[in-house]
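The structure appears right after this line, and notes come after that.
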Ligand SMILES: [Zn+2]
């Protein structure tokens with residue numbers, strides 16, 4: 001399974017490359033088409049204070065790292081509690097909460113961000129205002145996720161034909177593991193981008209409240225991802241890698257933003273298009289996976305179908321998870 005992991009790193013490297021490329025491109029070519037004045041230069045504002053902003057950003061790197069670590073490890077350590085074994089009711093509730101968080105990440109964070117990016121006044125009206133690119137890319141991404149999902153199922157069902165039931169169990173486990181890794185991929189785009197926005201800002205008045213908001217954001221999202229990693233039943237080493245990787249993405253985004261803060265502008269056309277399209281595709285992926293692979297699988301499965309009471313408790317957990325994560329959308 002570790003073979004899937006390098007793809008995540010490759011993906012991050014490509015993101016960095018694209019963004020640094022967009023930074024140098026926008027620095028070299030400031031005379032684009034006629035755009036509103038706020039697109040031309042980073043607005044300095046009355047709160048502009050570079051050393052103070054840097055101090056806050058360094059604090060943010062540390063605190064966000066700790067908050068994400070706690071969030072993602074909380075569900076993982078719950079394994080020590082006997083009531084949280086996969087066959088217990090409480091496990092189903094924790095998972096429903098986690099699925100709710102992932103669903104809200106897709107609908108309330110990533111999708112609106114993409115709409116905001118791609119409908120920015122800093123982009124040329126043609127074609128960006130002529131066609132709903134966000135919705136289109138999110139739809140294609142959902143179809144693509146379904147395609148990968150169904151083709152993989154076919155592949156494992158075929159292999160299962162010449163084996164016994166033990167292999168079927170293995171297929172379910174493998175599927176859960178792939179879900180956990182793909183979810184992490186879908187989440188990190190957003191995690192890097194919110195860190196990047198903070199890292200590139202020189203305004204302590206906006207950074208200060210954002211430090212706390214991002215800590216809660218990552219704590220909550222970490223719990224969502226942790227719940228899905230828990231289900232994948234990884235060994236301690238792989239769990240640690242996935243947790244560490246999630247925890248470092250936002251601090252990495254902040255550091256990247258600091259490093260690029262002289263050249264990077266989050267309203268340059270290239271940055272808006274790259275981030276907008278990435279957000280749209282991860283929104284499609286997250287929405288599909290949260291609804292189909294996580295929620296529908298559990299709610300239509302034998303465990304929850306067997307008990308109305310448990311189903312209602314699970315819905316409460318979904319509402320709590322998605323509600324909490326929706327609240328975070330107020331800040332980042
Ligand atoms: Zn967010």
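Bear in mind that the values in this text are calculations on the coordinates, not laboratory data. Please read these numbers as outputs of a predicted model, since none were measured by experiment. As a convention, Cβ positions derive from the backbone with ideal geometry for all residues, glycine included, and neighbour counts pool all protein chains shown.
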Exercise for the section: Could you please give the count of residues in the stretch 202-232 that are outside any helix (DSSP H, G or I) and within 16 Å of the ligand (Cβ to nearest atom)? Expected result: 0
Handout entry: residue 175 exposed (fewer than 15 other Cβ atoms within 10 Å of the Cβ) and away from the ligand (no atom under 16 Å from the Cβ)
Key = no
Exercise for the section: Would you mind stating whether residue 83 is surrounded by fewer than 16 Cβ atoms within 10 Å (Cβ to Cβ) and in a helix (DSSP H, G or I)? Expected result: yes
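One line per residue, one yes/no per condition, for (1) crowded, with 20+ Cβ neighbours inside 10 Å; (2) closer than 18 Å to residue 86 by Cβ:
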site: 286; (1), (2): yes, no
site: 289; (1), (2): yes, no
site: 293; (1), (2): yes, yes
site: 298; (1), (2): no, yes
site: 312; (1), (2): no, no
site: 320; (1), (2): no, no
site: 326; (1), (2): no, no
Problem - 3 or more residues more than 16 Å from the ligand (Cβ to nearest atom), touching a residue at least 60 places away in the same chain (Cβ under 8 Å) and touching a helix residue (DSSP H, G or I) at 6+ places or on another chain (Cβ under 7 Å): qualifying helices (runs of 4 or more DSSP H) within the stretch 238-332 - result: 269-288, 308-328
Handout entry: Selection count where residues are within 16 Å of the ligand (Cβ to nearest atom) and surrounded by fewer than 21 Cβ atoms within 10 Å (Cβ to Cβ), scope the stretch 105-146
Key = 5
